[in-house]
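The values are calculated or read from the model by the stated rules, or taken from the named source; none is laboratory data. Keep in mind it's a predicted model, so treat the numbers as computed, not measured. When we count neighbours, we look across all protein chains shown, and the Cβ atoms used for this are built from the backbone with ideal geometry, even at glycine. All accessible areas refer to the heavy atoms of the entire protein, side chains included, with ligands and DNA or RNA removed. Shrake-Rupley method; radii C 1.70, N 1.55, O 1.52, S 1.80 Å.
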Amino acid sequence: MVYFCLEEDSEEEPKLKYERLSNGVTEILQKDAASCMTVHDKFLALGTHFGKVFLLDIQGNVTQKFEISSVKINQISLDESGEHVGICSEDGKVQVFGLYTREGFHENFDCPIKVGVSANRQHLTTKTLLLYERNWLNRWKTSVLHEGEGTITNIQWRANLIAWANNVGVKIYDISTKQRITNVLRDNVSLRPDMYPCSLCWKDSTTLIVGWGTSVKICVVKERNPTEMRDLPSRYVEIVSAFETEFFICGLAPLADQLVTLFFVKENSDHMEEDFCARPRLDIIQPLPESCEEISSDALTVRNFQDNECRDYRLEHSEGESLFYIISPKDIVVAKERDQDDHIDWLLEKRKYEEALMAAEISFKNIKRHDVQEIGMAYINHLVEKGDYNSAARKCQKVLGKNMELWENEVYRFKAIGQLKAISQYLPIGDLRLRPTIYEMILHEFLKTDYEGFATLIREWPGELYNNTAIVQAVTEHLKKDPMNSTLLTTLAELYTYDQRYDKALDIYLRLRHKDVYQLIGKHNLFSSIEDKIVLLMDFDKEKAVDMLLDNEDKISTDRVVEELADRPELLHVYLHKLFKRDHSKCQKYHEKQIGLYAEYDRPNLLPFLRDSTHCPLEKALEICQQRNFVEETVFLLSRMGNCRRALQMIMEELEDVDKAIDFAKEQDDKELWEDLISYSIDKPPFITGLLNNIGTHVDPILLILRIKEGMEIPNLRDSLVKILQDYNLQILLREGCKKILVADSLSLLQKMHRTQMRGVRVDEENICESCHTTILPSDMAKSFSVVVFHCRHMFHKECLPSPVPGMQFCNICSAKRQGPGSGMLEMK
């Protein structure tokens, strides 16, 4: 049962959760009151005001009961093993005994006693701190550790360190060295120690947390440097944190590097003269060197909190787990750290559904009380209640997963609230599919109100999701009301395509001039259906239509296309032009026809066609070009037919373009053409200028200059002459440069040949005379011999060579080779 109290509008999540310790505890506290409790990893030990001690399991069930006294139990202590218990009561009785043995220690004192116990030591406190130790004879030895500073109200033992509090302050004693190592003074001496007792808690073996009144100190026991010891204890205490709190401290416990603090709270009232006791608070605080930071604060509604004082509350904790027990006379509350389920509970309570869903997805292996899908459904319900239907539909895709039943329920819910459109785009259309009626219901909804949305769904949804025939019939009915609606017609064509009724789909696409018609034809091989629709396809998009026809010549022949386009020469030209570009040989029989088509519809490509075509009838082409006065094309045809002089004449007379005439003469490289060009230009000064600037490398310019009439004014004559001279100088420089390179290369090669021929030649037993074919070296190397080795690597005995010409000697074999293949010497080889 969770019953802590926070501000109602608080947006901060609590750090702890609470529940009452019930079962046997409830019955005990109805008749008695709790005075103290200690916690072990295995069980709990509860002391009451009527002198009883109960051993409890973690759920609060009683496992053992001890009648110790008739008055209040002051303290219960357990050793680390949980096998020995020490109990002291208000009437001075002290008992230490084994829970599973008869071994025990019993003593009566004349004053109330506080007790701490370990396996073989007890320390008893009144105004004197007594240490009982068992010696090797199994007898008890008593030592006085401290006395004379008033009543000792609390004592805590950890390893070899004992900490206790009296009226003056807190002392720490080291059993191993038998030295008292510190005295931490009490800050607020005005508070009664019996009403506001000191709280002590060991965080670890060297860290002691002290809470007294409103003051908290954290003390760390440290080893002293041996050089500083002298007469000082080997250890000392450093206070690493000290701060004041707002309320009175009832108990302390560590939580990692933070503190769990139980506060006693008194509040003022306008209707009452005195302060009254409010609900105790359990805070988590972060200690700082001189202050603290509050992490969380919970007000606890314990039973009879109005009647309790600070001394009535205690805080115990289990070191093995993050469990904290708040003990009051009539109630015991267990606080524990919140887990992921608690975190999700809080998020759901605050209607933070998206965060709750995310937390559940991340920790789905660790949550026990929640289901990811249930949280997701709660989130969807919340979004629907808010009217955010699009977000709710989007979450369905993530939350509902593969649960068909949940999907269909949600679809019908969205239909009931008139939001089928919102959920349509998130319906499963992959491996998981709903019943066809679900998809049909949504399509009918769109068909009534949104043609564009309907068309989008038809494009996106696979055709097998729904009954295609039923949807086609529905679309047909709507087209009766609006027969020219392009959206419905396009969608109907797509439905026919799904149903493999391609002829009907093709008719609609052609009627609409839809861009997908070409894709439909190619994908479903509908070429037999379009043989009589080629003109229609080309009127729609000539480029796409021609590309499609050329890519599928095996399905629609060129002859068939030409036949269909016979009455539309402009379209026929586009088709034949692209066919010619792809392969000149495929349309040879149409080249003659193409001449007229190019001349009529595409003159810029006529001349390239004439150049590339090898099957074009030149006479027919020349006739057409002359009729239309196509000079450039006529010039090309005349030159191709061998009538270059007539072609040059047309350039000069009709085009009057000296540069083109010069280029033509250069291409033909005919002296007679150059003579005709000079003769035609000699009385035309602009032409002479052009010739002077361009013929220097083909014709001697002097021939042209000598034929110029005296007194003729020629534009830019000086510049032309300068250019001729510069061209001449450039030619001379090029010749000289080439000569230098040739000489340098010849010298380099000669030197290389000389170095090669100067190298030694290896001669051994494997070499033979090229004349007598015996070994070149004699078997007896002691005898003198003479060998001739030529640079060509042919070797001869000197006596085997014919008599040489004085001063010169040549290899017979190589000399014979230079005489030609019929050489007798070559045949001997």
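Below, the figures for the structure above:
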{"quantity": "Within the range 372-383, considering residues that are within 29 Å of the chain's Cα centre (by Cα) and not polar (S, T, N, Q), the one surrounded by the fewest Cβ atoms within 10 Å (Cβ to Cβ)", "calculated": "VAL372"}
{"quantity": "Wholly enclosed strands (runs of 3 or more DSSP E) of the range 166-225 bearing at least 3 residues within 58 Å of the chain's Cα centre (by Cα) and farther than 20 Å from THR128 by Cβ", "calculated": "199-202, 207-212, 215-223"}
{"quantity": "Breaking point among (1) of a type outside the set (Val, Ile, Thr); (2) at pLDDT 85 or above; (3) closer than 27 Å to THR558 by Cβ, for LYS586", "calculated": "(2)"}
{"quantity": "Criterion (surrounded by 14 or more Cβ atoms within 10 Å (Cβ to Cβ) and over 29 Å from GLU11 (Cβ atoms)) met by exactly one of LYS217, LYS222", "calculated": "LYS217"}
{"quantity": "Unique match (being modelled with pLDDT of 85 or more, assigned to a helix (DSSP H, G or I) and crowded, with 18+ Cβ neighbours inside 10 Å) among LEU506, LEU549, LEU489, LEU537", "calculated": "LEU489"}
{"quantity": "Top-ranked residue in the range 31-54 [being over 15 Å from TYR325 (Cα atoms) and of a type in the set (A, V, I, L, M); ranked as surrounded by the fewest Cβ atoms within 10 Å (Cβ to Cβ)]", "calculated": "ALA33"}
{"quantity": "Every pair of residues 6+ apart whose Cβ atoms lie under 6 Å, when the first sits in the range 203-227 and is over 20 Å from CYS250 (Cβ atoms) while the second is open to solvent by less than 30 Å² (accessible area, probe 1.4 Å) and not in a strand (DSSP E or B)", "calculated": "ARG224/SER234"}
{"quantity": "Test for LYS581: is it assigned to a loop (DSSP other than H, G, I, E, B) and surrounded by 13 or more Cβ atoms within 10 Å (Cβ to Cβ)", "calculated": "no"}
{"quantity": "Residue in the range 115-151 that is modelled with the lowest pLDDT, counting only those that are among the acidic types (Asp, Glu) and in a strand (DSSP E or B)", "calculated": "GLU133"}
{"quantity": "In the range 335-347, the residues that are in contact (Cβ under 8 Å) with a residue 60 or more places away in the chain, outside any helix (DSSP H, G or I) and surrounded by fewer than 20 Cβ atoms within 10 Å (Cβ to Cβ)", "calculated": "LYS336, GLU337, ARG338"}
{"quantity": "Qualifying position, being more than 37 Å from the chain's Cα centre (by Cα), on the phi < 0 side of the Ramachandran plot and surrounded by 15 or more Cβ atoms within 10 Å (Cβ to Cβ), among PHE454, PHE446", "calculated": "PHE446"}
{"quantity": "Within the range 313-328, considering residues that are crowded, with 21+ Cβ neighbours inside 10 Å and either aliphatic (A, V, I, L, M) or not in a strand (DSSP E or B) (or both), the one farthest from the chain's Cα centre (by Cα)", "calculated": "TYR313"}
{"quantity": "Residue in the range 83-95 that is assigned to a loop (DSSP other than H, G, I, E, B), on the phi > 0 side of the Ramachandran plot and at pLDDT below 90 present", "calculated": "yes"}
{"quantity": "In the range 622-637, residue surrounded by the most Cβ atoms within 10 Å (Cβ to Cβ) [restricted to those that are closer than 19 Å to GLU592 by Cβ and of a type in the set (A, V, I, L, M)]", "calculated": "LEU637"}
{"quantity": "Residue pairs meeting the criteria (Cβ under 7 Å; at least 6 apart or on separate chains; first closer than 13 Å to LYS542 by Cβ, in the range 573-589; second outside any helix (DSSP H, G or I) and open to solvent by less than 10 Å² (accessible area, probe 1.4 Å))", "calculated": "TYR575/LEU565; LEU576/CYS587"}
{"quantity": "The one condition in (1) open to solvent by 30 Å² or more (accessible area, probe 1.4 Å); (2) modelled with pLDDT under 90; (3) under 30 Å from ASN485 (Cα atoms) that GLU440 fails to fulfil", "calculated": "(2)"}
{"quantity": "Single residue of ARG192, ARG224, ARG134, ARG235 found to be in contact with a Lys or Arg (Cβ under 9 Å, 6 or more places away or on another chain), under 30 Å from ASN108 (Cα atoms) and among the basic types (Lys, Arg)", "calculated": "ARG134"}
{"quantity": "Of the criteria (1) surrounded by 16 or more Cβ atoms within 10 Å (Cβ to Cβ); (2) out of contact with any Cys (no Cβ under 8 Å at 6 or more places or on another chain); (3) free of Cβ contacts under 8 Å to residues at least 24 places away in the same chain, which one ARG230 fails", "calculated": "(1)"}
{"quantity": "Residues of the range 509-534 that turn out to be outside any loop (DSSP other than H, G, I, E, B) and over 13 Å from LEU571 (Cβ atoms), as a count", "calculated": "15"}
{"quantity": "Qualifying residues in the range 587-620 (those that are among the charged types (D, E, K, R) and within 14 Å of THR634 (Cα to Cα)) - the one least open to solvent (accessible area, probe 1.4 Å)", "calculated": "LYS620"}
{"quantity": "Residue that is surrounded by the fewest Cβ atoms within 10 Å (Cβ to Cβ) [pool: residues in the range 12-30 that are in a loop (DSSP other than H, G, I, E, B) and in contact with a helix residue (DSSP H, G or I) (Cβ under 8 Å, 6 or more places away or on another chain)]", "calculated": "GLU13"}
{"quantity": "Out of ASP307, ASP257, ASP298, sole residue that is among the acidic types (Asp, Glu) and open to solvent by less than 80 Å² (accessible area, probe 1.4 Å)", "calculated": "ASP298"}
{"quantity": "Checking GLY60 against (1) open to solvent by 40 Å² or more (accessible area, probe 1.4 Å); (2) not in a strand (DSSP E or B), the condition it does not meet", "calculated": "(1)"}
{"quantity": "Yes/no for ASP503 being out of contact with any Gly (no Cβ under 8 Å at 6 or more places or on another chain) and closer than 30 Å to GLU570 by Cβ", "calculated": "yes"}
{"quantity": "Residue that is farthest from HIS797 (Cα to Cα), among those in the range 724-763 that are basic (Lys, Arg) and surrounded by 10 or more Cβ atoms within 10 Å (Cβ to Cβ)", "calculated": "ARG735"}
{"quantity": "Residue within the range 152-162 that is open to solvent by less than 30 Å² (accessible area, probe 1.4 Å), in contact with a His (Cβ under 8 Å, 6 or more places away or on another chain) and assigned to a strand (DSSP E or B) present", "calculated": "yes"}
{"quantity": "Elements of type strands (runs of 3 or more DSSP E) in the range 227-302, at least 3 residues being acidic (Asp, Glu)", "calculated": "292-300"}
{"quantity": "Identity of the residue in the range 1-23, more than 18 Å from VAL302 (Cβ to Cβ) and not acidic (Asp, Glu), that ends up modelled with the highest pLDDT", "calculated": "LYS15"}
{"quantity": "LYS386 being closer than 30 Å to VAL260 by Cβ and either open to solvent by 60 Å² or more (accessible area, probe 1.4 Å) or touching a strand residue (DSSP E or B) at 6+ places or on another chain (Cβ under 6 Å) (or both)", "calculated": "no"}
